[in-house]
Amino acid sequence: MASAKERVELAKLCGSRNWSKAIRLLDSFLSSSTSTKDLCNRAFCYSQLELHKHVIKDCDRALELDRGLLQAYILKGTALSALDRKEEALLVWEQGHENAVHDTTDLKELVELDELLASAKQNKVVFSEDHAIDSSNGSSSNGKKSTSDTKAISCDEHFADSSSSSTLTTDPESETQNRADDTFEIFVRPSDTTSICNTSNGSVKNNRKVFVTKSISLDIRLSRGIAQVNEGKYDNAISIFDQILRENPTYPEALIGRGTAHAFQRELESAIADFTMAIKSNPSAGEAWKRRGQARAALGESVEAIQDLTKALEFEANSLDILHERGIVNFKFKDYDAAVDDLSACVLRDKKNKSAYTYLGLALAAIGEYKRAEEAHLKSIQLDQNFLEGWGHLAQFYLDLASSEKALNCLQQVLQVDGRFAKAYHLRGLLHHGMGQHRTAIKDLSLGLSIESSNIDCLYLRGSCYHAVGEYGEAVKDYDAVLDLELDSVDKFVLQCLAFYQKEIALYSASKVNGEFCWFDIDRDVDPLFKEYWCKKLHPKYVCERVFRQPPLRESLKKGRLRKQEFAFTKQKTLLLQVADLIGQKIQYSCPGFLPNKRQYRMAGLAAIEIAQKVIKAWRSMRSINKNGKKARKKEKLSILSQNRGGACCTTSSPESSTSYSFSDDKYTSGRFLCWQDIYNIAVKWRQISEPCDPVVWINKLSEEFNSGFGSHTPMLLGQAKVVRYFPYYQRTIDLAKSIMKEAKYANNSEDNIIELSEADKLEKIKQATSCSDLYSIIGEDFWVATTCESTAFEGVAAFAKKRLEGTRITVQKMDKRGFDFAIRTPCTPSRWNDYEAEMAVAWEALCNAYCGESYGSSDLSMLENVKDAILRMTYYWYNFMPLARGSSAVGYTVLLGLFMAANMEVTGNIPSGIQVDWEAILSSSPDTFLEAMKSWLYPSLRISTAWKDYPDVPSTFSTTGSIVAALSSYNT
């Protein structure tokens, strides 16, 4: 409680119009106890300095404590009116008047409300200049409007992100932060210098005159400084604040003003230094804590930023502004749960804060609350149909969920609001790219670049689109442009690294474009070290020093320009493309996050047909050989010299030592050289050419790193973020991990050491666990357990026992204080590779035997049960093997479609909603378990069909690499 002496001091300060110092004294009162009287008094002082939003905040706090405070209604309404929010002002005054007539305690204030209402209804708002300010001795003073012209410093963006464009994703990056009412406001409280007494005559009256003059002079200078910041004239503002600080080096309000100007100039270290000095001068300066928190957030100091904003809340409990700020900072630093708490609290009381709603939507989407997230995003644009960031965030939300039509609609809305919003063109380009419409994507990305020529996201994506459709010259130009940019972001630097690798692959493709597709062989021709660094997105400096580079662009394009005749489709080509599109649609997962991709459909369809054509030739040959009682010869590895030695990131090993899984059609006529890897390699090559920016390569063809293991990483949970594609398998994976630990009674730590779990109490706790957090608390450190994959190729130690191969590793890793990395990781070491290679060989042999026996050529599905099962068994081992750096899922199902086709069975049904075939295999401990899961929906969709036998031969129809690129790109012309 304030003492009587302090109350007298308050009255004197107000009598001398020293509002800023009165505010400081009231700050100290309110730091020890919350009083509605002091809140109204401080609101009144703010009103004299025209800091209207601070008036509103204090009045709201006072009305929370006492809904009958007439003075709070008067002050709040007047502040709203001054902000030109006249309808809101009228509503506030009406609410206050209604309360007053039912419980009149202050007739003077009631009369004042009457007058305000009357004037407001005539659209003539009168600003009250006669608000009483209470003091402990019952005195009052009539305040007149301050001569100060102090304004709220405002900007269109949070200064922490003022130099960056909006990046609309749930993976947090720098974002444009439009605030409520389209501005983000910084309030600086003007203060006064210490009273300067005129000692020449000791006149108190003269002393007071000097005091008031100094106060007014200082207020004017502070007002000018603030106005300069408002107008973006930061150097001028700093000069004004410097002058004030030369006279008073620790003057907090000037320090906050100068710090704010520094912050907008991206001089964040200087800004933090000023805010820190302001805090030392006045630890109760909540504005300084808040500004420092924002500046620290911009520097990536997340913990310190949150601490400062939390401290600011101590001075303004439940401040909507600070809750809003802290919520956004929490979102940026991936503390999504805290962001949801802050932003939910904000919109609960400020239902018109469109910025808070859209960031609440982003945070909710990150934690998997998709319905609530959509509602929050929609609310933000309902509040303002022209809210660009709101539309953009909603479009990103739909894009992440793979709701393509809704995403397109949002982006059209954005561009209707502002046709020069570059981010919208990037997002629409990204959407078209994800749907396989690369030429359409190029148009959007080019529009985006016409607005922001150095937009690295647009440049890289457009380069990859040119690359995919065979316009290699344009692709290289864009990749070079990416490499030439100067960047200050780690995320953007990764794109530069990738641009280096993609340029090399583009030039390699250009050199192969007019040759036969069998000579397009990234796995054989491209140096293993290059591929390893490409897959891992590592800095290319080491690669540049050790690997042959591609020849210059003009040399590659002399023979590598895509010829026009490749796009001239014959009747045979057209037929193949039509049936391929229908077949390829069967690879689509009906799950959130998986966009329908026409290019990938066509790729899968053509690959499946080619696989069927090659496999049936092999089976005919086997059938003929077996029928004649001859033994099938073992596969001979072909030593085909690469046509790309000495360039194209080529391997430095001698040609004689190289081996290849490539083939020529004359060898395939007999079928004697076909092995399981040849079959899958058909699909691999099609997948490589269909989306060249995906590093789809065989892991055993990487560098010596393969000897120590190359692991794939598929997360379900990253911190608090639920990965939209894979989180649906979270609980099933948790349950499997628990089962493995209970059976094995141990887990492995990050150093691969054993963690014993044999104690009964631990096993019981594991049984009761429901989350990876629960499991981590039991184990006490990062850990992993391995799934098992029951072998068919190897016998177990005990009689009738099956050997168990290591499947994938279920891993739990703690991520700072924000959750866990919960994922499956598949390590591919040489020993594991050998095991699965043998397993795949046995599975392929079993399939060949099943079809080439009595079932050969059968048109009776019941006669083909063993063949069906054999196809699924091989698919099961493929998915547990995961032998590709990327693309194993699409390749696996493409081969499945081709094998069923070769056995005269057509898959007519789609993969059921919510089912991901690769995950079904990975989480099944035996092929029989996987078969049971697949049979229920796959087998009923099979029907006998030999129509594919009349299709033109794929390698003959599309013989060159260029013809295949044209085929995959034709529907975009």
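Starting from the range 747-808, pick out the chymotrypsin sites (Phe, Trp or Tyr not before Pro) whose DSSP state is loop and whose Cβ has at most 13 other Cβ atoms within 10 Å.
When the chymotrypsin sites (Phe, Trp or Tyr not before Pro) of the range 747-808 are filtered for loop state and at most 13 Cβ neighbours within 10 Å, Phe800 remain.
Sort 600-606, 291-297 for me by packing, meaning the mean count of neighbouring Cβ atoms within 10 Å per residue, highest on top. Walk me through the numbers on the way to the answer.
Details: 600-606: 26.3, 291-297: 28.1.
Descending mean neighbour count gives 291-297, 600-606.
First check a/c for the range 1-59, with a ≥ b ≥ c the square roots of the eigenvalues of its C-alpha gyration tensor; if it is under 1.5, answer rounded, and if not, answer prolate when a/b is larger than b/c or oblate otherwise. Each step should come with its number before you reach the end.
Details: a/c = 2.31, a/b = 1.19, b/c = 1.94.
Taking the square roots of the gyration eigenvalues as a ≥ b ≥ c, the range 1-59 is oblate.
Output needed: percent of Cα pairs per 5 Å distance bin for the range 323-477, bins running from 0 to the one holding the longest distance.
2, 11, 17, 18, 16, 14, 11, 6, 3, 1, 0, 0
To the nearest µm²/s, what D does Stokes-Einstein give for the range 326-391 at 25 °C and 0.890 mPa s, using the Kirkwood radius over alpha carbon pairs as Rh?
218
If eta is 0.692 mPa s and T is 37 °C, what Stokes-Einstein diffusion coefficient results for the range 713-770, Kirkwood Rh from Cα pairs, in µm²/s? Kindly include the intermediate steps, with their values, before the conclusion.
Details: Rh = 12.7 Å.
Result for D is 258 µm²/s.
Please give the Cα centre distance for the range 407-465 versus the range 36-62, rounded to the nearest Å.
Here the two parts' Cα centres lie 47 Å apart.
Can you put Ser453, Ser35 in order of Cβ neighbours within 10 angstrom, beginning with the fewest?
So the ranking, lowest neighbour count to highest, is Ser453, Ser35.
Mean shadow of the range 717-828, computed from the convex hull of its alpha carbons, in nm²?
8.3
Spelling out what I want: for every residue of the range 498-515, take phi, set θ = phi - 60°, compute 6.51 cos²θ - 1.76 cosθ + 1.60 (Karplus), and round to whole Hz; glycine and proline get x.
5, 4, 4, 5, 5, 4, 5, 5, 4, 5, 4, 4, 4, 6, 9, 4, 9, x
Provide the per-residue ³J(HN,Hα) series for the range 947-958, in order, calculated from phi with Karplus coefficients 6.51, -1.76, 1.60 and θ = phi - 60°, each as a whole number of Hz, with x at glycine and proline positions.
Here the 3J(HN,Hα) series is 4, 4, 5, 8, 6, x, 5, 5, x, 6, 6, 10 Hz.
Kindly put Ser791, Ser777 in sequence by how many other C-beta atoms sit within 10 Å of each C-beta, fewest to most.
Starting with the residue having the fewest Cβ neighbours, the order is Ser777, Ser791.
For Ser690, Ser81, Ser925, which order do you get if you count the other beta carbons within 10 Å of each Cβ and list the fewest first?
Placing the least packed residue first, the sequence is Ser925, Ser81, Ser690.
Roughly speaking, what is the stretch gain from Phe794 to Asp860, that is 0.36 nm per residue apart minus the C-alpha to C-alpha distance, in nm to one decimal?
Here the segment from Phe794 to Asp860 would lengthen by 20.5 nm.
Quantify how much of the Cα-Cα distance distribution of the range 1-121 extends past 25 Å, in percent. The partial results should precede the final answer.
Values: 1681 of 7260 pairs.
When every Cα pair of the range 1-121 is considered, 23 percent fall beyond 25 Å.
Taking R0 as 22 Å, what's the FRET efficiency between Arg246 and Arg224 from their Cβ-Cβ distance, rounded to 0.05?
0.90
Quick one: which residues, 5+ away or cross-chain, put their amide H under 5 Å from the amide H of Gly719? H built at 1.01 Å from N.
Long-range HN contacts for Gly719: Phe820, Asp821, Phe822.
Write down the radius of gyration of the range 844-973 and its Dmax, each obtained from C-alpha positions, in Å.
Reported Rg and Dmax, both Å: 16.2, 48.
Stretched out fully, how many nm does the piece from Ala118 to Lys541 gain, at 0.36 nm a residue minus the Cα gap?
Here the segment from Ala118 to Lys541 would lengthen by 144.8 nm.
So how much slack lies between Asp480 and Ala568, counting 0.36 nm per residue of separation and subtracting their Cα-Cα distance, in nm?
That pair, Asp480 and Ala568, stretches by 28.6 nm at full extension.
Can you give me the distance in nm between label points at Gln382 and Val303, each placed 7 Å from the Cα along the Cα-to-Cβ direction?
Computed distance between label sites Gln382 and Val303 equals 4.1 nm.
Measuring from label point to label point, each 7 Å out along Cα→Cβ, what is the Phe594 to Met815 span in nm?
2.3
Rounded to the nearest 0.05, what FRET efficiency is calculated for Leu348 and Ser703 with R0 set to 35 Å and r the Cβ-Cβ distance?
0.05
Taking the Cα-to-Cβ direction at Asn236 and at Gln768 and moving 7 Å from each Cα, how far apart do the two end points lie in nm?
Roughly 6.8 nm, to one decimal.
Provide the packing ranking of 434-444, 328-338, i.e. peptides ordered by the mean count of other C-beta atoms within 10 Å per residue, highest first.
Per-residue Cβ counts within 10 Å, averaged per peptide and sorted highest first, yield 328-338, 434-444.
Write out the trypsin sites (Lys or Arg not before Pro) in the range 814-909 meeting two conditions: DSSP loop, and at most 14 other Cβ atoms within 10 Å of their Cβ.
Lys817
Values quoted throughout were computed directly from the atomic coordinates according to the rules given, and no laboratory measurement underlies them. All values derive from a computational prediction rather than experimental measurement. FYI the Cβ positions are ideal-geometry reconstructions off the backbone, even for glycines, and counts take in every protein chain you see.
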